[in-house]
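Reviewing the structure listed below.
The values are calculated or read from the model by the stated rules, or taken from the named source; none is laboratory data. Quick caveat: nothing in here was measured; it's all calculated off a predicted structure. Because the Cβ atoms are built from the backbone with ideal geometry, glycine has one as well, and the counts that use them run over all protein chains shown.
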Amino acid sequence: MERILTRWIDIPDLRHLNVYEAHGGYKALRKALFDMTPEEIINEVKASNLRGRGGAAFPTGVKWSFIPKDSKKPVYVCCNADESEPGTFANRYQLENDPHGIIEGILITCRAVGAHTCYVYLRGEFNLQKRRLDEAIAEARAKGYVGRNIMGSGFDVEIYTHRGAGAYICGEETGLLESLEGKRAYPRNRPPFPAIQGAFGCPTVVNNVETLTNVPHIITRGGDWYKSIGPEKSPGPKLFCLSGHVNKPGLYELPMGYPLKDLIYEVGGGILGGKKLKGVIPGGSSFPIFTAEEAVKVNMDFDSVRAAGSLMGTAGVMVMNEDTCMVDALRTIAHFYHHESCGQCTPCREGCGWIEKLLIDLEAGRGRMEDLEILIDAATNMEGNTVCVLADSLSMPVKSFVPKFRDEFEEHVRLGRCPFRETGTAAKGHAAAAAAR
Ligand SMILES: Cc1cc2nc3c(=O)[nH]c(=O)nc-3n(C[C@H](O)[C@H](O)[C@H](O)COP(=O)(O)O)c2cc1C
């Protein structure tokens, strides 16, 4: 397949403006400014069926169309570059290697929704990525692509980069907006949605980096072209973050709908150490795990993964082999959500901690059979009872790991120890578990 989002692999130095321009860069912006109305841009993106890559898969053109056309208040675009979902590492490479692709996507989005200011919210650890983006913004500004009167069109856009302090919750769009406004990143109740009341009380579009980088390609080649890549309702080139027990982990661009089996066994070179596959989380740690039998039947697009009982989220594909202790794997996940819960909502603040505690005990052989029911019960009570879905992000793994690998959880209770302790990958995790205790 032609590389679209990862063109930098074939084009060295794509991050520099002269190289980006030599390969067609900023032509889509010119087209959007001079040959298309804002409405035509939105319609083209709607026609492409592009869906958000930040995790929720919401149709991008539809989201843009919610911005009031005659807003008396300023309209903002926020580019979500927080990228904190475990197992997810696409945006960082895009920021490093294709910053102009992101800037061009931002500028076209601003034109579509009538925004003159964009904030790029980067996770706290993204030093290099921020530097590369700042350098590219400076280059684009010098060339008249950012700032006042872009390309002589009369249209103005300022782009500001803003680094967070490294909290997962700052990636949640309303937590992001609070943080951007200088406050603690407590997510907001919705409605009102950001399209009506976002940054500084004004209409705001929040889009993920990868979502925005699709936009110039859609404007140049058309929505019909885009829709022809992968399944029509969930189309496009997709960045898959493959990690865990595969021989060739990494970032891979593939068409939506690519079989998970081929991603693991062909692209990823098969299971590490020639071992058997045990489970796969397809979309970052927030989503239900697939057993090996389920995983090999799934195609990787939003609708197929949902139909198979999980969600594709950020396409952070985490592969686990037969040596993985599933109790320990779930304990690690619970530790993350407990640590990252912002604490605003009681079910999340207390529930994530309770679940982690139960899992620490189960993994160490101190658990009871009834703890398995308590885990499911606690997870169920967290769901849908909080301002944002961070609580659901732990609930979903719990409610899939426990029933799907129940024998293994029970074995920990029966033996009074972890059966993988000496031999399995869990052995490595025990130091962390001991530290957490
Ligand atoms: C706890 C939590 C963390 C999130 N972290 C991110 C993130 O790091 N990056 C991101 O783009 N979206 C993240 N999201 C999703 C955003 O809230 C939002 O849906 C997304 O930025 C919208 O962009 P899109 O429509 O382009 O996907 C997170 C959501 C939740 C609930």
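Filtering LYS261, LYS248 for residues that are over 21 Å from PHE302 (Cα atoms), in contact (Cβ under 8 Å) with a residue 12 or more places away in the chain and not assigned by TED's automatic domain parsing to the domain that holds SER48 leaves a single hit, LYS248. Kindly establish whether GLU253 is touching a Ser or Thr at 6+ places or on another chain (Cβ under 6 Å), outside the structural domain of LYS63 (by TED's automatic domain parsing) and of a type in the set (Asp, Glu). Criteria met by GLU253.
Residues of the stretch 165-177 that are out of contact with any strand residue (DSSP E or B) (no Cβ under 6 Å at 6 or more places or on another chain) and within 12 Å of the ligand (Cβ to nearest atom): GLY166, ALA167, TYR168, ILE169, CYS170, GLY171, GLU172, THR174, GLY175, LEU177.
Sort out which residues of the stretch 401-421 are more than 30 Å from the chain's Cα centre (by Cα), crowded, with 16+ Cβ neighbours inside 10 Å and in a loop (DSSP other than H, G, I, E, B), and write them in order of number. Scanning the stretch 401-421 gives CYS418, PRO419, PHE420, ARG421.
Checking the conditions here, which among GLU104, GLU85 is within 22 Å of the chain's Cα centre (by Cα) and under 30 Å from HIS339 (Cβ atoms)?
On the way: GLU104 fails: under 30 Å from HIS339 (Cβ atoms).
After applying the criteria, what remains is GLU85.
Please state which one of HIS430, HIS339 is modelled with pLDDT under 95, outside the structural domain of GLY175 (by TED's automatic domain parsing) and surrounded by fewer than 22 Cβ atoms within 10 Å (Cβ to Cβ). Before the answer, list the steps.
On the way: HIS339 fails: modelled with pLDDT under 95.
Selected residue: HIS430, the only one of HIS430, HIS339 that is modelled with pLDDT under 95, outside the structural domain of GLY175 (by TED's automatic domain parsing) and surrounded by fewer than 22 Cβ atoms within 10 Å (Cβ to Cβ).
For the stretch 231-240, give me each residue that is crowded, with 22+ Cβ neighbours inside 10 Å and either farther than 16 Å from THR6 by Cα or without any contact (Cβ under 8 Å) to a residue 24 or more places away in the chain (or both). Passing the criteria: SER234, PRO235.
Given the conditions (1) out of contact with any helix residue (DSSP H, G or I) (no Cβ under 6 Å at 6 or more places or on another chain); (2) in the same structural domain as GLU104 (by TED's automatic domain parsing); (3) surrounded by fewer than 22 Cβ atoms within 10 Å (Cβ to Cβ), report the number of the one that SER243 does not fulfil. Result: SER243 fails condition (2) only. Screening GLU83 on (1) in contact with a helix residue (DSSP H, G or I) (Cβ under 9 Å, 6 or more places away or on another chain); (2) away from the ligand (no atom under 15 Å from the Cβ); (3) on the phi > 0 side of the Ramachandran plot shows it passes everything except condition (2). Filtering ALA334, ALA329, ALA307 for residues that are out of contact with any Leu (no Cβ under 9 Å at 6 or more places or on another chain) and either within 19 Å of LEU372 (Cα to Cα) or modelled with pLDDT under 95 (or both) leaves a single hit, ALA329. What are the residues in the stretch 376-400 that are farther than 9 Å from PHE287 by Cα, without any contact (Cβ under 8 Å) to a residue 60 or more places away in the chain and in a helix (DSSP H, G or I), if any? Correct list: ILE376, ASP377, ALA378, ALA379, THR380, ASN381, MET382, ALA391.
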